[in-house]
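Below you'll find the structure, written out as structure tokens, and then a few comments.
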Amino acid sequence: MPELPEVETLRRSIEPALVGRTIRAVEIRRRDMVSGPGDPVGGFSRAAGAPTPVRLAPTWLLEGLTIRGTARRGKQLAIEAEQSTAGRTTGDPSGDAPAVVIQLGMTGSVSALDRNADLPAHTHVLWRLDNGRQIAFSDPRRFGLVRALPNGTRDAWADLGPDALTIRGKALADRLVGTRRAIKAALLDQQVLAGVGNIYADESLFAARLHPEDPAGDIPPDRVALLATSVRRILRQAIERGGSTIRDYRDGSGNAGAYQRSHRVYGRTGLPCRSCGTPLAGLRVAQRATVFCERCQPRNG
């Protein structure tokens, strides 16, 4: 599943094609891949019963509007229309600017395409720009979602924790106080820390020499500060290398990431630790496969 570095790389790759352009038309090819006001927030596949889709106003998906820019919070990508707002920075909610938020799920992707380019298979939403270019959202397994947010991202992102690219030790420690959950499980909780998934949780815990099953609330403040530093550093390094392509991730121009070549533990169960040579161990934490070094990451530090 694409995590913060992959989504940030994607954001940077599609923004030049969008800024200053007007959305001429929006084509919805699968209505159940779009959530508008009044629809189930998590999408129709996760909704109880069989809700009736609301009628989508074209402007909800930015048709006829000019694009001001893009933003990101955690693993979520926003395309924002022009509107007077104050104080936006990458990774922060933008207030009341009309926006669409794209959640990639397991296999979602966004492509910036020329006028006559072939569309990716499983394209569900297509934005046609005033210069003939196209932005396509595709998702073979359909775990992703496009959320139409005419009032902007502020409320939609209110439940997300601090963005992992800017997290500091005290802020992370404050969110871990009192919890008995394993630190790996806490890192995966997007309300605790937005943007970290299985790959970068394993890599960050290895860098901070923390066992993935250590109770998060028992970790001393200095070790939490080291973990926050490790998270920021690893995410920055991954962004510099275009993210990690494990299976099919590509940025908006179709380029694969390269950070998977730098993984120290993720996906390397049984292979020698790159630091000490001990065979890496595997277990499951929060139903997720987890890889760590028993020598470099002893229990309770």
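Laid out as a table, the results:
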read-out	value
Sorted peptide list for 251-264, 50-63, 133-146, criterion being average Cβ within 10 angstrom, highest first	133-146, 251-264, 50-63
Sorted by Cβ neighbour density within 10 Å, fewest at the top, the residues Ser204, Ser230	Ser230, Ser204
Helix-only CD estimate at 222 nm, as mean residue ellipticity for the chain, using -39500 (n - 2.57) per DSSP H run (n ≥ 4)	-6000 deg cm²/dmol
Distant alpha-carbon pairs in region 169-292 (separation over 23 angstrom), percent	31 percent
Inter-probe distance in nm under a simple model that places probes 7 Å from Cα toward Cβ, at Thr59 and Arg133	2.5 nm
Around Pro37: net Lys/Arg minus Asp/Glu count, Cβ-Cβ under 15 Å	+1
Gap separating the Cα centres of region 246-301 and region 157-204, nearest whole Å	18 Å
Integer Hz, Karplus 6.51/-1.76/1.60 couplings in order for region 27-35, x for Gly and Pro	10, 9, 8, 9, 5, 6, 9, 10, 10
Residues Thr22 and Asp222, FRET efficiency given R0 of 45 Å [Cβ-Cβ distance, rounded to 0.05]	0.30
Summed side-chain charge close to Leu10 - residues other than Leu10 whose Cβ falls under 10 Å, Lys, Arg +1, Asp, Glu -1	0
Order of Asp214, Asp130 under a 10 Å beta carbon neighbour criterion, fewest first	Asp130, Asp214
Gain in span if fully extended, Cys276 to Glu294, counting 0.36 nm per residue against the direct Cα distance	5.5 nm
Asn116 versus Thr166: modelled label distance in nm, points set 7 Å from Cα along the beta carbon direction	4.4 nm
20 Å-binned pair-distance histogram of the chain (Cα, whole percent)	33, 54, 13
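Throughout, read-outs are computed from the coordinates displayed, never taken from laboratory work. Note that the structure is a prediction, hence the values are computed from the model and not measured. Methodologically, a virtual Cβ is constructed for each residue, glycine included, from the backbone with ideal geometry; neighbour enumeration extends over all protein chains shown.
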